[in-house]
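Read-outs throughout are calculated quantities, based only on the coordinates presented, and are distinct from any laboratory measurement. Remember, predicted model here, so these are calculated numbers, not experimental data. With ideal geometry, Cβ positions are generated from the backbone for all residues, glycine too; neighbour counts draw on all protein chains shown.
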Amino acid sequence: MKYSIYIAVLLLTGAVRLQGQITESTRSMNMGSQNALILEIPNADDKLVEKWWKQYMKDYDAKTKRVKGSDEELSDDADIPGIGAGNTVDVYSLTERSGNGVRQVVWFDLGGAFLSSQMHGDRYVEGEKFMMRFGLYVTKEMIQIELKEEEKRMKDLESDLKKLQRDNEKLHEDIADYERRIEEAKAGIEQNLLDQKAREKDIESQQNVIEEVKKKLSEL
């Protein structure tokens, strides 16, 4: 039996959609081959999904721990009213890589039997809803990560803009300094020309003095 679920979450001005697929299958686990619900989560990281599963199960008063000698985890005595029908449920799970995504395999131990569509009808539908809610939980967490990454990019862009603005101010200051120095140089050139003319007159006067001295010398 196979069901497709589409979990849409509105974020800011755009819609972000995670498509997950739930299947029912018999899978081998530490208690033999038992019926399981399997959620396929595309473009997800298995370590993060495993972490989020533990957080998700806390909402059902269940602490998740590794099953000794197995890759599975057990969320003992989970309080899931729609599935347990007044009793707690032992929930076994296995998070594994699947292509570019993650496969979340979940067994619901009802005490003497594992949840299945053939045996448990309405309770199985609640099991599907339970898995769908986890798919939504994962979607929200993935969007939170994306949001943080985009906010970091925004901060980097804002930092770059501030640097460019500071550079622009420095360039304007440099231009003002260069313009001031050019005006000072122009004034210096004008003064230099005046000083040259004054020295030319001094040289002319000095030449006359020399000629007078030479004349005195020749008269001796």
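Quick rundown of the values:
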quantity	calculated
Charge dipole magnitude, Cβ of K and R +1, D and E -1 - region 2-151, Cα centre, debye nearest 20	140 debye
Degrees separating the helix 122-218 axis from the principal Cα axis of the chain, which is the longest one	10 degrees
Convex hull (Cα only) mean projected area of the chain, reported in nm² to one decimal	26.0 nm²
Among MET142, SER33, LEU48 - extreme Cα towards positive end, dipole of region 2-151, charges at beta-carbon	SER33
Peptide ranges 172-179, 80-87 listed from the most packed, as the mean C-beta count within 10 angstrom indicates	80-87, 172-179
Cβ crowding within 10 Å averaged over residues, with 195-202, 111-118 ranked highest first	111-118, 195-202
0 to 90° range, to nearest 10: angle between helix 46-58 axis and the chain longest Cα axis	60 degrees
Proximal aspartates and glutamates to LYS163, defined as alpha-carbon separation beneath 18 angstrom and excluding residues fewer than eight positions away on the same chain	GLU173, ASP174
Positive-end residue of SER70, MET131, LEU193, charge dipole of the chain with Cβ unit charges	SER70
Exposure proxy order (Cβ contacts within 10 Å, fewest to most) of ASP109, ASP77	ASP77, ASP109
Under 5 Å, built H, 5+ apart or other chain: amide partners of ALA36	SER25, THR26, ARG27
Restraint check, LYS148/LYS170; LYS54/LYS140; LYS58/LYS155; LYS65/LYS148; LYS65/LYS152, Cα-Cα greater than 25 Å	LYS148/LYS170; LYS58/LYS155; LYS65/LYS148; LYS65/LYS152
Built amide H within the under 5 Å cut-off of ASP77, gap 5+	VAL89, ASP90, VAL91
Convex hull of Cα atoms in region 26-112, direction-averaged projection (nm²)	5.7 nm²
Extension gain from LEU136 to GLN207, taking 0.36 nm per residue of separation minus the Cα-Cα distance	15.2 nm
Net length gained if the chain between LYS54 and LEU161 were fully extended (0.36 nm per residue, minus Cα distance)	34.4 nm
Sum of -39500 (n - 2.57) over DSSP H runs of 4+, divided by residues of the chain (222 nm, nearest 500)	-19500 deg cm²/dmol
